[in-house]
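Data block below; observations after.
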Amino acid sequence: MVTGLLSTPEYIRASILNAPPTQQAKAVGMKLDRQAVLLDRSKRFTFILTEQAVRYPLVAPDAMAVQIDHISSLARQANITISLLPSSVRYSDTPLSTFTVYDERLATIETDLGAAVFRDPRDVRSLLDRFAFYEDQSVTGDAAQDLLSRWAWEFRS
């Protein structure tokens, strides 16, 4: 699945169906509100997404195409880099969870059960090293845009 920062409202709604119905609207609103940080041009963001995460059919095909187009449009912002790990790339260290490195002092790993916070410099360094490894294996820029366009087109077909 794709992180909430890069998700459309429909995709977010589908991602939280297990939440109590009374909390779903609030959760969607909170996730959408957090996306405002992406508009802050003083901050830089790099997202590495696996092909499997981007193409996982969480919503109907037309909504998946919109979701992928949304990622593509975000990648055009000067302060956002979208890197993709195509399924054709072989790597031994499989990314099974979303993790976020804020700086050399703070990182989090998100699972379906919640988030774990890491402040130990050794743990953060380990995640930074893993991030660098994935980044080296990924495609960005025009190549990433081409993949996103193709994947969106496939959902429209």
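The values are calculated or read from the model by the stated rules, or taken from the named source; none is laboratory data. A quick note: this is a predicted structure, and the numbers were derived from the prediction, not measured. Counting neighbours? That spans all protein chains shown, and the Cβs are built from the backbone with ideal geometry, glycine included.
If the condition is being more than 18 Å from residue 4 (Cβ to Cβ) and in a strand (DSSP E or B), then region 108-139 contributes 118, 139. Any idea which of 50, 98 is modelled with pLDDT under 95, of a type outside the set (Gly, Ala, Ser) and in contact with a Pro (Cβ under 9 Å, 6 or more places away or on another chain)? Going through 50, 98 in turn, the sole match is 50.
Taken as a whole, the condition of being under 26 Å from residue 153 (Cβ atoms), surrounded by 18 or more Cβ atoms within 10 Å (Cβ to Cβ) and either modelled with pLDDT of 90 or more or in contact with a helix residue (DSSP H, G or I) (Cβ under 8 Å, 6 or more places away or on another chain) (or both) applies to residue 67.
Go through 112, 93 for me and flag whichever is touching a helix residue (DSSP H, G or I) at 6+ places or on another chain (Cβ under 7 Å), modelled with pLDDT under 85 and farther than 19 Å from residue 55 by Cβ. Spell out how you get there, then give the answer.
Values: 112 fails: touching a helix residue (DSSP H, G or I) at 6+ places or on another chain (Cβ under 7 Å).
When all the criteria are applied, what remains is 93.
From 84, 128, 148, 74, grab the single residue that is touching a helix residue (DSSP H, G or I) at 6+ places or on another chain (Cβ under 8 Å), more than 18 Å from residue 52 (Cα to Cα) and either of a type in the set (Lys, Arg) or surrounded by 11 or more Cβ atoms within 10 Å (Cβ to Cβ) (or both). Quick ask: steps written out before the conclusion?
Details: 84 fails: more than 18 Å from residue 52 (Cα to Cα); 128 fails: touching a helix residue (DSSP H, G or I) at 6+ places or on another chain (Cβ under 8 Å); 148 fails: more than 18 Å from residue 52 (Cα to Cα).
Only one candidate qualifies: 74.
Within region 112-157, restricting attention to residues that are under 17 Å from the mean Cα position of the chain (by Cα) and of a type in the set (Gly, Ala, Ser), which residue is nearest to residue 63 (Cα to Cα)? For region 112-157, the residue satisfying everything is 152. Count of region 109-135 residues, restricted to those that are free of Cβ contacts under 8 Å to residues at least 12 places away in the same chain and more than 20 Å from residue 89 (Cα to Cα), is 9.
Filtering region 10-27 to residues that are among the hydrophobic types (A, V, I, L, M, F, W, C) and within 16 Å of the chain's Cα centre (by Cα) leaves 12, 14, 16. For the condition of a type outside the set (Lys, Arg) and over 13 Å from residue 148 (Cα atoms), residue 59 qualifies. Pairing residues of region 54-81 that are within 16 Å of residue 13 (Cα to Cα) with residues that are acidic (Asp, Glu), at Cβ distances under 8 Å and at least 6 apart in sequence or on separate chains, gives 59/10; 63/10; 66/10; 67/10.
For the subset of region 31-82 comprising residues that are in contact with a strand residue (DSSP E or B) (Cβ under 6 Å, 6 or more places away or on another chain) and among the polar types (S, T, N, Q), which member is farthest from residue 134 (Cα to Cα)? The residue in question is 81. For residue 22, the criteria (1) exposed (fewer than 11 other Cβ atoms within 10 Å of the Cβ); (2) touching a Lys or Arg at 6+ places or on another chain (Cβ under 8 Å); (3) of a type in the set (Val, Ile, Thr); (4) modelled with pLDDT under 95 hold in every case but one, which is (2).
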